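J.: Pasting a structure here, questions to come.
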Amino acid sequence: MVGCTSKGVKARTSSSVLIVLQGLEEFDSSTADGVYEAAQALVRASRLTDLELIYTPSQIALACLYGASEPLGEKWARMKSPNGADEILALSRHIQAVIDQDSPPPDLEVVRGIDKRLKICTNPEKVAGSKA
């Protein structure tokens with residue numbers, strides 16, 4: 001995957017959630033806002049797992065939509081794949097279980113340490129003593 005960054009994966013997953021929602025016949029922006037926000041929270045939680053290395057952004061997006069609203073997730077799966085909806089929903093439940101199990105809230109000190117190291121890696125010229 002040349003040129004693929006984690007930020008790009010997050011953007012594709014986020015936009016996939018919105019596309020999935022808009023694909024539903026009874027798309028209503030007032031109720032969809034709450035579902036979208038809940039699904040976004042699940043997308044953010046999925047970033048703390050290795051799901052991005054295993055599943056496509058659209059599969060993660062559907063699982064997050066399903067986690068935010070089971071009826072909407074099921075409706076979308078049955079609309080897109082009437083014969084394979086059960087398999088899609090089983091995969092969505094599996095992804096949702098991984099998100100629930102493997103995405104504990106991060107320790108703030110660990111996050112600060114990672115952020116500090118990333119800042120150094122991003123622009124080593126600004127680091128005193130760097131030979132970059």
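J.: Out of A45, A38, I need the residue that is in a helix (DSSP H, G or I), of a type in the set (A, V, I, L, M), at pLDDT 80 or above and surrounded by fewer than 17 Cβ atoms within 10 Å (Cβ to Cβ). Which one?
T.: Details: A45 fails: surrounded by fewer than 17 Cβ atoms within 10 Å (Cβ to Cβ).
Result of the check over A45, A38: A38.
J.: Which residues, taken from the stretch 63-84, are of a type in the set (A, V, I, L, M, F, W, C) and at pLDDT below 90? First the steps, then the outcome.
T.: Within the stretch 63-84, the subset of a type in the set (A, V, I, L, M, F, W, C) is 63-65, 68, 72, 76-77, 79.
Matches in the stretch 63-84: L65, L72, W76, A77, M79.
J.: In addition: Quickly run through the stretch 55-113 and pick out the residues that are among the acidic types (D, E), touching a residue at least 40 places away in the same chain (Cβ under 8 Å) and not in a helix (DSSP H, G or I).
T.: none
J.: Within the stretch 72-116, how many residues turn out to be of a type in the set (G, A, S) and under 19 Å from the mean Cα position of the chain (by Cα)? So that I can check it myself, show each step before the final result.
T.: Going residue by residue through the stretch 72-116, those that are of a type in the set (G, A, S) are 73, 77, 81, 84-85, 90, 92, 97, 103, 113.
So of that shortlist, the ones also under 19 Å from the mean Cα position of the chain (by Cα) come out as 73, 77, 90, 92, 97, 103.
The number of residues fulfilling the criteria is 6.
The values are calculated or read from the model by the stated rules, or taken from the named source; none is laboratory data. Just so you know, these numbers come straight off a predicted model, no measurement behind them. In this analysis, Cβ positions are derived from the backbone assuming ideal geometry, glycine residues included, and neighbour counts consider all displayed protein chains.
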